[in-house]
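The values are calculated or read from the model by the stated rules, or taken from the named source; none is laboratory data. These numbers were taken from a predicted model, which means no experiment stands behind them. Here the Cβ positions follow ideal geometry from the backbone for every residue, glycine too, while neighbour counts run over all protein chains shown.
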C-alpha cells in the first residue's frame, strides 16, 4: 500500500525531463505531486537519428508492426527534435517489474495520467505560470473522443501548443 507521500521522479526521468521546455517541467512537477500512479518519463529531447529509427518501425524494420510515428525527422521535425523538447513520452511505473510490464503502457493508466497532465496544464496556464497547453497522442484533435478517431495512437505522448 502506498503512503500519502507524493511520488518522485527517478534520476533518469529527471534528466529526460530537463531536456524539455520549462513549461513541460513545471506541468510534470505538479502532475507527479498529485498522481496516485507513479510515472516514468521515457523521452524528452530526441535526436534526428533516433527519430529516423522510430520512423522506420513498421516501414523498413519490424514491418509487421504498426508505425509508431508519421514524422521522419527530415521533411517534418518532431516536437521531440526541438531543443528544448516541446514533447514528452511517459509511462506508468511500478517498482515490481512484472506489474510494471502490465501497466506501463496500459490505456487506462495512460489516460489517467494524461487527465492529470491536462488539468495541471490548464491550471498553470490560467494562473499565468506557463505559456502553453498540452495536446495528447490519445486525442490529437482534442474532440473528446479518445483513440477511436485517431489516425495514429500515441498514448504515451504529450506535447505543448500555444492556444
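Looking at this structure, is residue 25 surrounded by 15 or more Cβ atoms within 10 Å (Cβ to Cβ), touching a helix residue (DSSP H, G or I) at 6+ places or on another chain (Cβ under 6 Å) and not in a loop (DSSP other than H, G, I, E, B)?
It is true that residue 25 is surrounded by 15 or more Cβ atoms within 10 Å (Cβ to Cβ), touching a helix residue (DSSP H, G or I) at 6+ places or on another chain (Cβ under 6 Å) and not in a loop (DSSP other than H, G, I, E, B).
Can you tell me which residues in the stretch 68-94 are in contact (Cβ under 8 Å) with a residue 24 or more places away in the chain, surrounded by fewer than 16 Cβ atoms within 10 Å (Cβ to Cβ) and either in contact with a helix residue (DSSP H, G or I) (Cβ under 7 Å, 6 or more places away or on another chain) or more than 19 Å from residue 135 (Cβ to Cβ) (or both)?
74, 83
Out of 33, 64, report the one residue that is over 15 Å from the mean Cα position of the chain (by Cα), at pLDDT below 95 and either surrounded by fewer than 20 Cβ atoms within 10 Å (Cβ to Cβ) or over 30 Å from residue 128 (Cα atoms) (or both). Working first, answer last.
Details: 33 fails: at pLDDT below 95.
Sole residue among the options that is over 15 Å from the mean Cα position of the chain (by Cα), at pLDDT below 95 and either surrounded by fewer than 20 Cβ atoms within 10 Å (Cβ to Cβ) or over 30 Å from residue 128 (Cα atoms) (or both): 64.
Given (1) out of contact with any helix residue (DSSP H, G or I) (no Cβ under 9 Å at 6 or more places or on another chain); (2) modelled with pLDDT of 95 or more; (3) more than 16 Å from residue 162 (Cα to Cα); (4) surrounded by fewer than 14 Cβ atoms within 10 Å (Cβ to Cβ), where does residue 127 come up short, assuming only one miss?
Only one criterion in (1) out of contact with any helix residue (DSSP H, G or I) (no Cβ under 9 Å at 6 or more places or on another chain); (2) modelled with pLDDT of 95 or more; (3) more than 16 Å from residue 162 (Cα to Cα); (4) surrounded by fewer than 14 Cβ atoms within 10 Å (Cβ to Cβ) is unmet by residue 127, namely (3).
Of all residues in the stretch 109-124, which are closer than 15 Å to residue 90 by Cβ and surrounded by fewer than 18 Cβ atoms within 10 Å (Cβ to Cβ)?
Of everything in the stretch 109-124, those that are closer than 15 Å to residue 90 by Cβ and surrounded by fewer than 18 Cβ atoms within 10 Å (Cβ to Cβ) turn out to be 111, 112, 115.
Would you confirm, using the coordinates I've provided, whether residue 105 is more than 16 Å from residue 140 (Cα to Cα), without any contact (Cβ under 8 Å) to a residue 60 or more places away in the chain and out of contact with any helix residue (DSSP H, G or I) (no Cβ under 9 Å at 6 or more places or on another chain)?
When the stated conditions are applied, residue 105 passes them.
Only one of (1) crowded, with 19+ Cβ neighbours inside 10 Å; (2) within 15 Å of the chain's Cα centre (by Cα); (3) not in a loop (DSSP other than H, G, I, E, B) fails for residue 42. Which number is that?
All conditions are met except number (1).
Under the condition of being outside any helix (DSSP H, G or I) and farther than 23 Å from residue 100 by Cβ, which residue from the stretch 45-59 is modelled with the lowest pLDDT?
58
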